[in-house]
Amino acid sequence: MSTKRKDVAKAYITYRQERTKAREANGTYVKNIEKKLNVEDNTMQNANVDEESFGGRMGEASSANLKEYALNYCMPKWMADLHRNNEIYIHDLDHYALGDHNCLTIPFDKLLANGFNTRQTDVRPANSINTAFQLVAVLFQLQSLNQFGGVSASHLDWTMVPYVRKSFVKHWKDGYHYIAGCKDELDWEYLT
């Protein structure tokens, strides 16, 4: 380009771009994406994803793209070579570049008792079993949007005990005066 023959330089640049495109079209990278888009390599590795659906094919093609990106640009060559040669296995390789995590147990007991922030708003602590379970659903949804893989709840039955008690006492107080023959006051502290 610094000579008088800019036409030759432009022709060479165009030639190199076309050769690169042709080489990439025949390369593993493009072949892997084509297999996923055309459902030629249906491994059904995730029970939650129908790899033949539109969304499944898009997800699988994106996954193939991200795996190649991670191997080529996010780790040392020796590590990528070990993975490619099946000497090591990098689980969820397509998430390596994003740095996200997989499989998390949500601490519902603390979040329901103290409230939490969703980045858009603050959520108050739960005061009934209905509200507690609604917040569990919200937390599952929020967390699943921020990670890949499983989201679980351990000891959810024990976590809900305080909210069952709160709901029971509230409904007992509301309905107490309807009970025939009950004229004495109950010890509400005992029930809670």
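Here Lys4 fulfils each of the conditions (1) at pLDDT 85 or above; (2) assigned to a helix (DSSP H, G or I) apart from (2).
Of the residues in segment 78-86, not one is within 21 Å of Lys36 (Cα to Cα), among the basic types (Lys, Arg), surrounded by 15 or more Cβ atoms within 10 Å (Cβ to Cβ) and in the same structural domain as Ile33 (by TED's automatic domain parsing). For segment 118-170, the set of residues classified as within 21 Å of the chain's Cα centre (by Cα), assigned to a helix (DSSP H, G or I) and β-branched (Val, Ile, Thr) consists of Val136, Val138, listed by residue number. Filtering segment 72-117 to residues that are charged (D, E, K, R) and in a helix (DSSP H, G or I) leaves Lys77, Asp81, Arg84, Asp94, Asp109, Lys110. Taking every residue in segment 132-146 that is at pLDDT below 90 and pairing it with any residue that is assigned to a helix (DSSP H, G or I) and not hydroxyl-bearing (Ser, Thr, Tyr), at least 6 positions away or on another chain, yields no pair with a Cβ-Cβ distance below 8 Å.
None of Asn127, Asn65, Asn102 is surrounded by 11 or more Cβ atoms within 10 Å (Cβ to Cβ), closer than 22 Å to Val151 by Cβ and of a type in the set (S, T, N, Q) except Asn102.
Among residues of segment 68-99 being more than 17 Å from the chain's Cα centre (by Cα) and of a type in the set (A, V, I, L, M), the one that is farthest from Gln147 (Cα to Cα) is Leu82.
The values are calculated or read from the model by the stated rules, or taken from the named source; none is laboratory data. Only a predicted model underlies this, so the values are computations on that prediction, with no experimental measurement involved. As a convention, Cβ positions derive from the backbone with ideal geometry for all residues, glycine included, and neighbour counts pool all protein chains shown.
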